[in-house]
Amino acid sequence: MPTKYSLAGKFIMGNGFQLLDIILFAMIAAFLVFRLRSVLGRRTGHQRRPPPKLAETSRETPSEDQILELPDRSDDSSSVVLDEATADDPIATGLLKIKEADPRFSASNFLEGARGAFEIIVEAYSKGDEKTLQQLLNDEVLVKFSALILERKTASHILETAIIGIKNVEIIDARIDGRTAFVGVEIISEQINVLRNKDGVAIEGDDNQITEVTDLWTFARNVRARNPNWILVETRSPD
C-alpha cells in the first residue's frame, strides 16, 4: 500500500482478542496514500466510485472489546497457511518454528487480528491519535508516523480516511531470530483518502473515489514473553 498516506505500524494483540492467539497486527496500510511511499501502501491504477453516499458514510470506531477479542482457536494451529504449504515452503517452515517456540500461536488467528489492527492504526493515524499509535508501533515506525502527523498539523491540513473494505490479508514471511518472531503480511484494502486544507477544501484525493491500496507490514513478538502483543516493526511498499 505504498500510497502517500498509507500506514504501517505496530500493533497490539491485547485483551480484546483473547489472550491465546490474539495477534492484533496493525498491518497498517493505506494511510499516507499521499506522502511516504516507503511507509505506506501503493495505489494501483484501479479506482472506482463508491455506491451512492458511500463516501459520506463514516465507519464506526470499533470498541476495545471488538478489536482485541478473538475467538479461542488454540487447536487451530495449522491454519490454511500451513495446511496448503509444502514441506520446503519457507513460509510454512517459519510458521512451524514460531509454533514450536510458542504453542499458543495460530496463523489463522494472527491474520484475523491483523485485520483488526490495520483498521485501528489507519484510523488513529488519520485522526492524529498518537496515544493509540504508541501502543501499536515500535519506536522507529512511530517516529515516522508522528513526523507526518506533525507536518499535517503544522500545515493545518486534515486527513480523512475511510476503509471501505479489506480485500485480502496474507502472510508473506515468517521467521524467528533468537527469541523474536517476525511475521510479514500483505494487506490489500479499498480506501477513500482525502487531504483538506484549513478551509475544508480538498487538496489531494477525492471523497467520491475508492482506491485499492497494498501495504506490506512486519510484526514482531518475543516468544518467551507472557505478553501476547505483536508490534509493528516495519512498513514498506511493493516493488
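The values are calculated or read from the model by the stated rules, or taken from the named source; none is laboratory data. Values in this document were obtained by computation on a predicted structure and should not be read as measured data. Positions of Cβ are generated from backbone atoms using ideal geometry, with glycine treated the same way; all protein chains shown enter the neighbour counts.
See the values below:
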read-out	value
Scan of the stretch 94-107 for residues that are touching a residue at least 60 places away in the same chain (Cβ under 8 Å) and in a helix (DSSP H, G or I), ordered by number	Gly94, Leu95, Lys97, Ile98, Ala101, Ala107
Subset of the stretch 156-174 [hydroxyl-bearing (Ser, Thr, Tyr) and in contact (Cβ under 8 Å) with a residue 60 or more places away in the chain]	Thr161
Looking only at the stretch 206-237, and only at residues there that are within 17 Å of Ala181 (Cα to Cα), of a type outside the set (Lys, Arg) and more than 20 Å from the chain's Cα centre (by Cα), the one that is surrounded by the most Cβ atoms within 10 Å (Cβ to Cβ)	Val223
Single unsatisfied condition, Thr161 versus (1) under 16 Å from the mean Cα position of the chain (by Cα); (2) at pLDDT below 95	(2)
Residue identified as modelled with pLDDT under 95, of a type in the set (Gly, Ala, Ser) and within 22 Å of Thr218 (Cβ to Cβ) among Ala117, Ala124, Ala147, Ala87	Ala117
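Table: residues versus (1) at pLDDT below 95; (2) in a helix (DSSP H, G or I).
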residue: Gln135; (1), (2): yes, yes
residue: Val141; (1), (2): no, yes
residue: Arg152; (1), (2): no, yes
residue: Asp173; (1), (2): no, no
residue: Glu190; (1), (2): no, no
residue: Asn193; (1), (2): no, no
residue: Ile203; (1), (2): no, no
